[in-house]
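Please treat every number below as a calculation from the coordinates, not as lab data. In this text the structure is predicted, and so the values were computed from the model without any measurement. For neighbour counting, all protein chains shown are included, and Cβ atoms are generated from backbone atoms with ideal geometry for every residue, glycine included.
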Amino acid sequence: MRLARRLLTALWAGLLLTVAAVVAPALFAVLADRHVAGSVAGHLFLIVTVLSAAIAAALVVLAAREPGPAARARQLAAVGPAILLSISEWLVRPLIEAARAAGGVDGRAFAAWHGVSSGLYWAATIWVVATLVRELRA
């Protein structure tokens, strides 16, 4: 079970880091239309959120098969980042879309909500990477 936890957590960390640090910046570097790049990136972040929920669920199931408080800590370590990503996707992203649709005056609102979303994403990413480090040290 430890190997499965490590593999799933490594996969999750790699997914989060690759999309945010490689794929999304590449979209904005390659595509001339920033709105198209943003739409594609937004769709990728939706996919990441759904995959994260699936990975988190698998990790919760694995932890539920183990006794004791360490298993509960593993469940929290799986659920926490998935919740942060879900908040970003389903609560903050609609606010970003509304600010973008409003245009001009709401440029600051777009930037602010985008910053909140980015902060949630990176907090989840750091949480998953820290979980992976703990798993590898155990």
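When each of 50, 19 is tested for being surrounded by 15 or more Cβ atoms within 10 Å (Cβ to Cβ), within 18 Å of the chain's Cα centre (by Cα), among the β-branched types (Val, Ile, Thr) and farther than 19 Å from residue 133 by Cβ, the lone residue that passes is 19. Select from the range 55-71 the residues that are in a helix (DSSP H, G or I) and surrounded by 13 or more Cβ atoms within 10 Å (Cβ to Cβ) and list them in ascending order. Correct list: 55, 56, 57, 58, 59, 60, 62, 63, 71. If you check 137, 93, 34 for being basic (Lys, Arg), out of contact with any Pro (no Cβ under 7 Å at 6 or more places or on another chain) and surrounded by 13 or more Cβ atoms within 10 Å (Cβ to Cβ), only one passes: 93. Count, please, the residues in the range 85-123 that happen to be farther than 26 Å from residue 12 by Cβ and of a type in the set (Val, Ile, Thr). Residues in the range 85-123 being farther than 26 Å from residue 12 by Cβ and of a type in the set (Val, Ile, Thr): 1 in total.
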